[in-house]
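The structure under discussion appears below in the form of structure tokens.
The values are calculated or read from the model by the stated rules, or taken from the named source; none is laboratory data. Values in this document were obtained by computation on a predicted structure and should not be read as measured data. For neighbour counting, all protein chains shown are included, and Cβ atoms are generated from backbone atoms with ideal geometry for every residue, glycine included.
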Amino acid sequence: MSSTTDTNLESAGLEATDRKGALLDPALRNDFPIFGTEIAGGLPLVFLDSAASTQRPAAVIDAISHVYQHDYANVHRGIHTLSERSTELYEQAREKVRAFIGAERAHEVLFTQGTTGSINCIARSWGDANLHAGDEILLTVMEHHSNLVPWQQTAKRTGARLRHLPLTGDGQLDLETLDGLLSERTRLVAFTAVSNVLGTINPVAEMVHRAHAAGAVVLVDAAQSVPHMRTDVRQWNADFVAFSGHKMLGPSGVGVLYGKESLLDAMPPFLGGGSMIDQVRLDGFTPAELPAKFEAGTPPIVPAIGMSAAIDYLNRIGIDSIGTHEQALTRYAYEQMQAIDGLRILGPTPEHRAGLVSFAFEQVHAHEFAQVLNDRFGIAVRAGHHCTQPLHAQLGITASTRASFYLYNTLEEVDQLIEGIRTVQAMFAPQGRKRRKRRP
Ligand code: PMP
């Protein structure tokens, strides 16, 4: 499968054998049926949009199909065989997630609809119960809208004030300003473990430690880190951690909210309805114990079971090997992109970033870029503001193009991306513009 020339690697100043040694066996692509799909009338798919949502191996698709065919019923309800089976699979999924993120107790793992659902749960439940006028919520400038808007809504309801940790010139968090922003008024610090645009890997444990020293509770948006690097929530010592199944080979419609037992116990339930109660009277209710207290209604039963199969798959490959593979691809892409005139790479150098590279060209809008990459090369990238408008405003742009890598990507695909970028650049360069055929 490896047809990438060593010349390419060497011209980027790289040690080809080292890089290849870091890569996963490309045969694992055969586990993903989507790679049989053709794009734009016959091009093989080059999928570089895993930061938005990943693809699924057959093992996950089969697990989902198997439950529906053999084991499906609602959970925790009927005393019948199928209900018992699906309840067991659903609770096994909770245990699988617990072990994957190093949580102490399975009931500290709550299934939600996704990272967004998890953060909104904390903003509503913990936020409304604990924040008052004059309190401060510290966020960062690099947050996804999912970790900005819920806090803006909470601030409006409670009178709390929002503050934002700035960035350094190279797209890392400016930690020198952290202690100056933290005070006895800071009740919550919420930040992303990895930026979905800059790729920056933030020092979670250190930030949690400093926030705790100021007396704040900490929420980590781990949507872009849990799928790619070993997670140990106890080592982080974070109070709440949120992530999504669909970004880690699992189905859409399921996510996780990890919370420390003592905090979850003290919080009022967020959504009301079936399953989250112990007793209901006409004039009130008493909530159920964890985790049911925060899982009102029919939960994402099959998506959670699919997520469990995804974790099995990730464990089989090895999360550390996946991280190393992505690092190798990212470094290669970064170094090749650096050699392209007029291309602005957003974010830090490879040693500080996870498996993605976003870039901007002055002459070409990101949407045009993505369109040509798709239509001419079968390359799927994300273009736009990536749900980070404030970050893009800070960077002085309105949109960017993002290539993101996962375990199934290859060096050859990076080469195709680079060729695609050079082609688009030539098409849109001032002299190329005239020659370019307009799209209808
Ligand atoms: N936070 C980050 C850093 C993300 O990248 C995303 C997804 N783009 C989210 C939150 C939201 O995740 P979801 O759409 O699965 O709720």
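For segment 47-61, indicate whether the set of residues that are modelled with pLDDT of 95 or more, part of a strand (DSSP E or B) and either under 23 Å from the mean Cα position of the chain (by Cα) or within 16 Å of the ligand (Cβ to nearest atom) (or both) is non-empty.
yes
Within segment 93-114, track down each residue that is of a type outside the set (A, V, I, L, M), in contact with a helix residue (DSSP H, G or I) (Cβ under 6 Å, 6 or more places away or on another chain), part of a helix (DSSP H, G or I) and touching a residue at least 24 places away in the same chain (Cβ under 8 Å).
94, 96, 100, 108
Residue 165: more than 22 Å from residue 262 (Cβ to Cβ), more than 16 Å from the ligand (Cβ to nearest atom) and touching a helix residue (DSSP H, G or I) at 6+ places or on another chain (Cβ under 9 Å), yes or no?
The answer is no for residue 165.
Got a number for residues in segment 274-320 being assigned to a loop (DSSP other than H, G, I, E, B), touching a Ser or Thr at 6+ places or on another chain (Cβ under 9 Å) and exposed (fewer than 13 other Cβ atoms within 10 Å of the Cβ)?
Selection size over segment 274-320: 1.
Per-residue answers, yes or no, for (1) without any contact (Cβ under 8 Å) to a residue 12 or more places away in the chain; (2) closer than 15 Å to residue 308 by Cα; (3) surrounded by 13 or more Cβ atoms within 10 Å (Cβ to Cβ):
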position: 38; (1), (2), (3): no, no, no
position: 41; (1), (2), (3): yes, no, no
position: 52; (1), (2), (3): no, no, yes
position: 65; (1), (2), (3): yes, yes, yes
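With respect to residue 267, is the statement that it is in contact with a Lys or Arg (Cβ under 8 Å, 6 or more places away or on another chain), modelled with pLDDT of 95 or more and over 30 Å from residue 20 (Cβ atoms) true?
It is false that residue 267 is in contact with a Lys or Arg (Cβ under 8 Å, 6 or more places away or on another chain), modelled with pLDDT of 95 or more and over 30 Å from residue 20 (Cβ atoms).
Filter segment 130-156 down to the residues that are in a strand (DSSP E or B) and in contact with a helix residue (DSSP H, G or I) (Cβ under 7 Å, 6 or more places away or on another chain), then identify the one that is farthest from residue 193 (Cα to Cα).
137
Which residue pairs have Cβ atoms under 6 Å apart, sit 6 or more places apart or on different chains, and have a first residue in segment 351-377 that is surrounded by fewer than 18 Cβ atoms within 10 Å (Cβ to Cβ) and a second that is assigned to a loop (DSSP other than H, G, I, E, B)?
Matching pairs, first to second residue: 375/40.
Taking segment 159-174, which residues are over 15 Å from residue 216 (Cβ atoms) and either of a type in the set (A, V, I, L, M, F, W, C) or assigned to a helix (DSSP H, G or I) (or both)?
167, 173
With the condition kept exactly as written, say whether any residue in segment 231-240 is part of a helix (DSSP H, G or I), within 25 Å of the chain's Cα centre (by Cα), of a type in the set (Val, Ile, Thr) and under 24 Å from residue 216 (Cα atoms).
Checked against the condition, which is being part of a helix (DSSP H, G or I), within 25 Å of the chain's Cα centre (by Cα), of a type in the set (Val, Ile, Thr) and under 24 Å from residue 216 (Cα atoms), segment 231-240 yields at least one hit.
Please determine, by comparing only the residues of segment 168-205 that are among the polar types (S, T, N, Q) and within 16 Å of the ligand (Cβ to nearest atom), which one is farthest from residue 247 (Cα to Cα).
So in segment 168-205, the residues among the polar types (S, T, N, Q) come out as 168, 172, 177, 183, 186, 192, 195-196, 200, 202.
Remaining after also requiring within 16 Å of the ligand (Cβ to nearest atom): 172, 192, 195-196, 200, 202.
Working: 172: 23, 192: 15, 195: 14, 196: 11, 200: 17, 202: 19 Å.
Among those that are among the polar types (S, T, N, Q) and within 16 Å of the ligand (Cβ to nearest atom), it is 172.
Report the residue count in segment 112-154 for those that are away from the ligand (no atom under 16 Å from the Cβ), among the aliphatic types (A, V, I, L, M) and crowded, with 19+ Cβ neighbours inside 10 Å.
Count: 3.
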